[in-house]
Amino acid sequence: MRTCIAQTPTVFADPSTRHTGRVATGGTAITAREAEVLALLGQHLTNAQIAEALFISVRTVESHVASMLRKLQLPDRRSLARHAAVDRTPVGSVLPEPVTPFIGRAAEHAALAAALAEHRLVTAVGPGGIGKTRLAISVAGDRADWRPDGVWFVDLVRVTDPAAVASAVAERVGVTEQLAASPEAALVASLARRDGLLVLDNCEHLRDGVRDCVDLIVTGCPEITVLATSRTRLMLPYERVFAVPGMSVTDDGGDAVALFTARITATGDATRPDSGRVAALCQALDGMALAIELAASRYATLGLDGLEAGLHERLRFFTVGSRSADRHRSLRDTIGWSYDLLAPADQALLRGAAVFASWFDVAAAHAVVAPARERAAVADGLARLADHSLLVVARGEPTRYRAMETIRQYGEEQLDAAGELTTLQAHHDAWCRAVLTDLAAAGPDDAWCAHFDRVVDDVRAALLRCAADSHRAVQAADLAAQLAGQLWLRGRLTEAQRRYEQAAELSPSPADQAEHLRMAAGAAHSRYAGIDVLRLLRTAADLALSFGDRGGAAYDLAWMSIIIDRAPGILAEKRSAEEATALRAEATAISDGSARAEAALGLATAYAEYPSLTVERSEQIAAVTRQAGDGAVESAALDLLTAVHLKLGNLPAAALAVRRRDAVVRSLPMVAVNGFELSDHHQFASEVLLAAGDLKAAGEYADQLARLPFNREEDHLGRARRMKVDALAGRFDAALRDGELFHLAWERAGRPVVPNLSSCAYAVGMVHGMLGDDTRRRQWVRVAQDLHTDPELVTASSRGYAPVFDALVALHRGDTKAAEDRLTVDIDDPEVWGRFGPAQYWRTWYAAVWAESAALAGRDDAPARIARARHAVRDNPVAAAMVARAEAVRGR
């Protein structure tokens, strides 16, 4: 009986090559049976082998051979075999003709072709719509001429019975079915001596049948190569799996953008949409070729705005109205094809995976999706979903999985339809909270960071859901604050600030709102965003006052005054002393007299009095703050004491104050409100010890600053001090390397104005100047200006770092006049060095260069300058050595 095929496969064949009753060969009619015998003769089969393949007797074969020798007027069997080989037209060398041109994929094309050159079976694997078939056809078309028998293409999409695979392939290859023969035996006999490429498309729903058929062909037909496309691998031991990725998306376009543009151009649309927005759209679609083509098909009616708006409902938006039976009519149909192939347990697991916004591991899936199942069963199910290209897998410790966004949306639809969505989302919310709790109890090392990075997108998604539910405001506020704390530790300071502000907005409690705002101010302070700090503290103070917390409000206002007077270098806009005075007056008027509020107010007043502040008064303030028990205020008081010693030129005492502050800072909890004190201590300590010429200790503090966990991502904040130390220490390679990294991080952060980093950029400019690269030096001077609130002051200043660095470059080049032109301030002028605190960092270095330039220029007052400089640099051994060198030069 004829083998029954459940549904006829799609066949792309040249009708002229199909057997009818008689076949014309070389102008002579031979029968269909003779044509079959002739084809096998061309493969050099013996009469016995032909008889076995066609299930006829050897005598019948001999009769057919004799008949064809007579009809074709050939002398012998060998001539007949040669005639068959020359005359044979490959039955399967016709591939489907694509309706649209193949775009891009050059790297994937080359890689798949290379795999086919080395392996007998290659399976192109990927989710539905990723572009497997188009890639396979393109590669097969290029290789058709390389194989004597060409290419056979078999689309198995409409074959529903795994047992019918061999019949479908046999029909496509041109094997006539025999009454007593199995299709498998006939297929192997037909292909045994042939040399070609067999492409089996859409194998996933027939995996067992395809596997059996391919195994017969690969083992029995040594010159046949098989290229399969499937959403899951075939699981044969010699199979080479080629994972087809999404189309590439780059900043300047990529294959995905080229495909989108080509498809809208083909419709006659002459517009050229913004490539950056198209790239973002394609990225959101995971580079899925089908999704991109469907999006392009709707561009004419929706435009980019409509397509972007439809991303969260892509299963509805990205569809076409024709070919209703085609599983590629829409994204929903494409995914549904794969979903329907799954066992119920795996369908439930895929639905559940939709609640994860990003990567998840077996433990997470077990906790959230299937707590009632054995963990091993969950692991096995996830592996099967990955095998079906429904999950992306990342090998590692642990192995992680992710559903592409289109598949995730489909799973969410199925969850909703099954009535499971609310339950699974609640499980996911609880899991996110538990993860954040575990992270809070651990240290922020590299493993902690990796763990946080794996879950942060899920926490964001849970927060978004929670915040949208007005009945869960308290939980949403708590989750936002939890997330903010971990983001701050991770070094993502801008988002941490925003999440704390979100927690304040969501919280129904005014007291909690005020605390969240103070934490937000701490995050802003950590990233030197001083204007944001003032705004947030002002809001917190007003809120605190509204519910009767006068002490808290006074504390906030006092800190605002302190910031204006203490840290103008983190303010992107200049704030006046009058504003600070008004804040202190307001704080004094509302203070409840608590020790904490009064300590902050006393410190604010002391900072305002800095120009005339004595050491004794500074010590009194430090004692008061210590008694108040507020570590942050005490740290700021010791900072002030250090600055007073520096103002008075007492570098050893300033260094001792730095060491005293060490102990206080180490006791501060690693939370956002303490971020600035932790950071400021290390950067100020580095500056003080740099002024004292202790380059080793200055570098150590700079390194500690860079290692603070919250500086991990804001790399420009942590790296800057180190490159300045290296510049003055002569480690030019290190300074330039860190300089480039600093610049990249600063650009990535949005080129923020942070005046106290200006000297660090200027130091890198000095190094370029020393090395003779004036172009790069000017570029870095410009960076220093862009970091400052007063760009002109950076280069025009006659005190501080700019004249020191400029003079060092000039002296290195032997241009003493240029050096002297930059060193116009007397080193003992109290109006310069006593009044302007930051300038004191540079007085020792300025004095050394001032003396050296005088000696090299042969000035008459050089001996006097050297003598005065010797006193100024007495506490800086490096500067003292420079002065000694100047004296030696003068003495020659």
Based on alpha-carbon atoms only, what is the radius of gyration of segment 331-390 relative to the globular estimate 2.2 N^0.38 Å? 1.07
Along the charge dipole of segment 511-635, pointing to its positive end and built from +1/-1 on Cβ of Lys, Arg, Asp and Glu, which listed residue (585, 529, 604) has its Cα farthest out? 529
In a Debye calculation with equal point scatterers on the alpha-carbon sites of segment 248-308 and no solvent, what is log10 I(q)/I(0) at q = 0.22, 0.25, 0.29 Å⁻¹? -0.77, -1.02, -1.41
With unit charges on the beta carbons (Lys and Arg positive, Asp and Glu negative) and the dipole taken about the Cα centre of the chain, which residue among 363, 197, 396 sits farthest to the positive side? 197
In the chain the accessible area split gives carbon plus sulfur, as whole percent at 1.4 Å, a share of 53 percent
Structure-based [θ]222 nm, the chain - -39500 (n - 2.57) summed over DSSP H runs of at least 4, per residue, nearest 500: -20000 deg cm²/dmol
Expressed as a rounded percentage, what relative contact order does the chain have, with Cα pairs under 8 Å and six or more residues apart? 6 percent
Note, ³J(HN,Hα) from phi for segment 469-481, Karplus 6.51, -1.76, 1.60, rounded to Hz, x at Gly and Pro: 9, 4, 7, 10, 4, 5, 4, 5, 4, 5, 5, 4, 5
So the FRET efficiency between residue 269 and residue 383, C-beta based with R0 = 45 Å and rounded to 0.05, is 0.55
Spherically averaged projected area of the chain from its Cα convex hull (nm²): 50.0 nm²
Does a label point 7 Å from the Cα of residue 592, set along Cα-to-beta-carbon, have any residues of segment 512-552 with amide nitrogen under 20 Å, and which are they? 512-519, 537-552
May I ask you to compute the full-extension gain from residue 447 to residue 889, defined as 0.36 nm times their residue separation minus their alpha-carbon distance, rounded to one decimal in nm? 153.5 nm
What is the gain in length, in nm to one decimal, between residue 304 and residue 617 on full extension, counting 0.36 nm per residue of separation less the C-alpha to C-alpha distance? 106.1 nm
In nm, what is the difference between 0.36 nm times the number of residues separating residue 547 and residue 505 and their Cα-Cα distance? 13.5 nm
How far is it, in nm, from the label point at residue 55 to the one at residue 670 when both lie 7 Å from their Cα along the line to the Cβ? 7.6 nm
Inverse of mean 1/r across different Cα pairs in segment 385-427, Kirkwood, Å: 11.6 Å
For the chain, give the magnitude of the charge dipole about the Cα centre (Cβ charges: +1 Lys/Arg, -1 Asp/Glu; no others), in debye to the nearest 20. 1860 debye
Scan around residue 123 for amide H atoms under 5 Å from its own, H built in the peptide plane at 1.01 Å from N, and keep only partners 5 or more places away or cross-chain. 228, 240, 241, 242
Would you mind pulling out the separation of the Cα centroids of segment 771-788 and segment 464-534, in Å? 37 Å
Modelled FRET efficiency - R0 41 Å, residue 860 with residue 707, Cβ distances, 0.05 increments: 0.20
Between the Cα axis of helix 106-118 and the main Cα principal axis of the chain, the angle (0 to 90°, nearest 10) is 50 degrees
Phi-based couplings in Hz for segment 446-452 (Karplus 6.51, -1.76, 1.60; Gly and Pro marked x): 5, 5, 4, 4, 5, 5, 4
Rounded to whole Hz, the Karplus (6.51, -1.76, 1.60) HN-Hα couplings of segment 427-432, x for glycine and proline: 4, 5, 4, 5, 4, 4
Virtual spin-label span in nm between residue 215 and residue 747, 7 Å along Cα→Cβ: 5.6 nm
Round to the nearest 10 and give me the degree value, 0 to 90, for the angle of helix 344-353's Cα axis relative to the longest principal axis of the chain. 30 degrees
The base-10 log of I(q)/I(0) that the Debye equation returns for segment 667-770 at q = 0.20, 0.23 Å⁻¹, one scatterer per C-alpha, is -1.00, -1.28
Which of the listed residues, 80, 508, 287, is farthest toward the dipole's positive end in the chain, when Lys, Arg count +1 and Asp, Glu count -1 at the beta-carbon? 80
Backbone N under 15 Å from the residue 874 label point (7 Å along Cα→Cβ), restricted to segment 638-663: 648-654
Treating the beta-carbon of each Lys and Arg as +1 and of each Asp and Glu as -1, no other charges, what is the dipole magnitude of segment 563-617 about its Cα centre, to the nearest 20 debye? 140 debye
Test item: Cα-centred dipole of segment 500-569, Lys/Arg +1 and Asp/Glu -1 on Cβ, debye: 220 debye
Expressed as an acute angle from 0 to 90° and rounded to the nearest 10, what is the orientation of the C-alpha long axis of helix 32-42 relative to the principal long axis of the chain? 60 degrees
So how far apart, in nm, are the two label points at residue 812 and residue 372 if each is 7 Å from Cα heading toward Cβ? 7.3 nm
With only alpha-carbon atoms in the gyration tensor, what are the semi-axes of the equivalent ellipsoid for segment 802-892, in Å, largest first? 19, 15, 12
Enumerate the residues in segment 232-247 having an amide nitrogen under 17 Å from the point lying 7 Å beyond the Cα of residue 146 toward its Cβ. 240-242
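The values are calculated or read from the model by the stated rules, or taken from the named source; none is laboratory data. A quick note: this is a predicted structure, and the numbers were derived from the prediction, not measured. We place every Cβ from the backbone using ideal geometry, glycine too, and count neighbours over all the protein chains shown. Note: accessible area is taken over every heavy atom of the protein model, side chains too, but ligands, DNA and RNA are not part of it. Shrake-Rupley method; radii C 1.70, N 1.55, O 1.52, S 1.80 Å.
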